[in-house]
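Read through the structure below, which is laid out as structure tokens, and then see the notes.
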Amino acid sequence: VYNRLQDPQIQPKRGSLDDLALQNQRSSEDFENDDDDNKDPAAAYSQVEDVWIVQQFIKALKNADINNGDLFPDAVNNLFNPPKYPLELDNEVDVDLIECLQLFFHGHNSAKHYNQTIHDLKMHHPEDDLLSFDQLKHTIWQLTGITPIINDMFPNSCLAYTGPLREWNSCHCCGQDCLDPVTGKA
């Protein structure tokens with residue numbers, strides 16, 4: 001059984017809070033046999049669950065790099081090869097795109113609300129070539145190289161399924177199951 005309090009990958013820096021926690025948790029027997037090669041850095045993990053969660057997020061941030069996150073290969077490529085020119089839209093040629101961008105950036109950025117607004121506009125102006133929410137997100141990605149990182153939330157939006165919470169089956173805050181009992185999905 002995995003004990004999250006004994007992760008051998010954590011090496012606390014001398015004088016850090018983790019190092020102090022490690023020293024405070026050691027028994028008098030540990031001090032009698034003090035040998036640098038035998039120190040257990042896992043002892044620095046708190047047994048208080050909320051503190052343990054924070055420590056796991058800190059560990060993830062310390063170990064984060066471009067290859068171990070939630071970025072798709074295209075997003076990584078965009079980070080290393082950003083656009084080399086300013087984005088310019090023509091007020092006459094790109095009028096429909098500009099209208100969609102204005103709707104999106106002025107608070108209509110939930111998919112349901114945005115798509116309903118586009119539907120209503122098309123009823124009055126069927127000649128307009130207005131983009132759906134998904135089309136607009138893809139266009140924004142093409143124009144800017146910016147891609148979203150999406151993490152599902154626990155049912156009551158208490159927390160996101162990310163970091164040490166990614167594999168949890170129920171919400172730490174409200175206790176509700178993560179999966180919808182009807183669909184079996186998050």
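The values are calculated or read from the model by the stated rules, or taken from the named source; none is laboratory data. Source: prediction; values computed, not measured. Every residue, glycine among them, receives a Cβ derived from its backbone with ideal geometry; neighbour counts consider all protein chains shown. Each accessible area value is taken on the protein alone, full model and side chains, heavy atoms only, with ligands, DNA and RNA left out. Shrake-Rupley method; radii C 1.70, N 1.55, O 1.52, S 1.80 Å.
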Checklist outcome for this item: Note, Ile150: beta-carbon cut-off 12 Å, +1 each Lys/Arg, -1 each Asp/Glu, net -1
Checklist outcome for this item: So, with points 7 Å from each Cα along the Cβ direction, the Ser157-Ser46 label distance in nm works out to 2.7 nm
Next on the checklist: For the stretch 96-186, which chymotrypsin sites (Phe, Trp or Tyr not before Pro) pass both filters: DSSP loop (anything but H, G, I, E, B) and at most 16 other C-beta atoms within 10 Å?
Outcome noted: Tyr161, Trp168
Checklist entry - Gap in Å between the Cα centre of the stretch 95-162 and the Cα centre of the stretch 62-88? => result 21 Å
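I'd like the carbon and sulfur percentage of the solvent accessible area for the stretch 121-171, probe radius 1.4 Å, heavy atoms only, ligands and nucleic acids excluded.
53 percent
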Next on the checklist: Given bins 5 angstrom wide, list per bin the percent of all Cα-Cα distances in the stretch 40-186, short to long.
Outcome noted: 2, 7, 12, 13, 13, 14, 13, 11, 7, 5, 2, 1, 1, 0
